[in-house]
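One structure is given here, and the rest of the page talks about it.
The values are calculated or read from the model by the stated rules, or taken from the named source; none is laboratory data. Quantities reported herein were computed from a predicted structural model and do not represent experimental measurements. Counting neighbours? That spans all protein chains shown, and the Cβs are built from the backbone with ideal geometry, glycine included. Calculation scope for accessible area: heavy atoms of the full protein, side chains included, ligands and nucleic acids excluded. Shrake-Rupley method; radii C 1.70, N 1.55, O 1.52, S 1.80 Å.
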Amino acid sequence: MSRMGDVLAGFHAAWEFESDSVLIRYERGIRTPKLFQALGERRIPLDALAGVTLTPGRRGTVVLRAEPRPGADPLMEAAADQLKESCDPYRLVLPADKETLAEYYADELRARLKQDSGEAERFLVPAPEVPLQFKAYDGKASFDGRTVRFRWFWTGASSAKWKAGDQSFAVSELSGVEWRSPEVLEGYLRLLRGESAPVQADQDPAAVVFGLGYGPVHESLPFAAAVLAAVRDRSAVPAVSAAAASPRRDPADIAERIRHLGELHQAGLVTDEEFSVKKAELLAEL
């Protein structure tokens, strides 16, 4: 860039150009997409970019877009082309009267990008910071950087998930993450463990399902990206045993779970043996 710290401000974001990266700061205004607000700011190394485009936008605007290299950004890898255009964190929408200035910066960026910008061997853009959590339709998901935990809601979780019990997955157990946007029917977040997932997400204890108002993009996508980045970098993430990761639970919560387990038992969804085993597990958590 011609000068360190040059800033190009658009709608919902501003790009600060540095010698080896672009620092993108997202606004926190009420009209700013919630994903941008959740991201706050992101530093994108120039090595993570494959190209830059400048195209006409809607209603007297132009759009400057940096094109991330495949495999460079865990957020975009987790999104798997499911983000709406308006939520693309690599787009900067500008008033048309800034087109000449935008073209100047686009040319400056292009001049600094490597000619060979194929798929990145590792993530080059930092993942969202942990701890992260969100409420899905059938449970609460949390991630502390080492372990993913699913705690089922008795109002939403299937009997299959209740039988399996709350889940805890060390990063070392996982091979990847599958995120299906909550903005489509049957959205979910599924943890992959090498084998194919043979069951529907609502029956899979390694998945949480979304629903209207549950697992919104700005919460579940950064979560998926952070888990994916940790899986790729597991050498720096020691495994944590499920026993060490499970804190003692609130007695009232245990009582409520035993009550719901009894309802499943009476409805014939849980066998006598399953009821006895699960009840014993819950009591052991007190």
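Miscellaneous remarks
- Dipole magnitude of the chain about its Cα centre (Cβ charges: Lys, Arg +1; Asp, Glu -1), debye to nearest 20: 460 debye
- Gyration tensor verdict on segment 11-83 (Cα atoms; rounded if a/c is under 1.5, prolate if a/b is larger than b/c, oblate otherwise): rounded
- Expressed as a fraction of 2.2 N^0.38 Å, the value expected for a compact globular protein of N residues, the C-alpha radius of gyration of segment 1-136 is 1.03.
- Between helix 99-112 and the chain there is an angle of about 80 degrees, using the helix long axis and the longest principal axis of the Cα atoms.
- Per-residue ellipticity at 222 nm computed for the chain from its helices equals -8500 deg cm²/dmol, with DSSP H segments shorter than 4 residues left out and the rest contributing -39,500 (n - 2.57).
- Long-range amide H partners of A50 with built H, under 5 Å: E67, R69
- Tilt relative to the chain, helix 272-284 - C-alpha long axis, 0 to 90 degrees, to 10: 70 degrees
- Each residue of segment 221-228 is assigned a 3J(HN,Hα), and the resulting list reads 6, x, 4, 4, 5, 5, 5, 4 Hz, derived from the Karplus form 6.51 cos²θ - 1.76 cosθ + 1.60 (θ = phi - 60°), x at Gly and Pro.
- Using alpha carbons only: equivalent-ellipsoid semi-axes of segment 57-122, gyration tensor based, whole Å: 24, 18, 6
- Overall form of segment 152-226: oblate. Here a/c, set by the Cα gyration tensor axes a ≥ b ≥ c, is 1.5 or more, and a/b is not larger than b/c.
- Geometric extent, Cα atoms of the chain - Rg, Dmax (angstrom): 22.4, 74
- Principal-axis tilt of helix 251-266 within the chain, Cα atoms, nearest 10 degrees: 70 degrees
- Surface share of carbon and sulfur [accessible, 1.4 angstrom probe, percent] for the chain: 50 percent
- Residues in the chain average 52 Å² of solvent-accessible surface per residue, probe 1.4 Å, ligands and nucleic acids excluded.
- Ordering V125, V199, Q167 by Cα displacement along the dipole of the chain toward the positive end leaves Q167 in first place; charges were set at the Cβ atoms of Lys, Arg (+1) and Asp, Glu (-1).
- Qualifying chymotrypsin sites (Phe, Trp or Tyr not before Pro) in segment 138-204, where qualification requires a DSSP coil assignment and no more than 12 other C-beta atoms within 10 Å, are lacking entirely.
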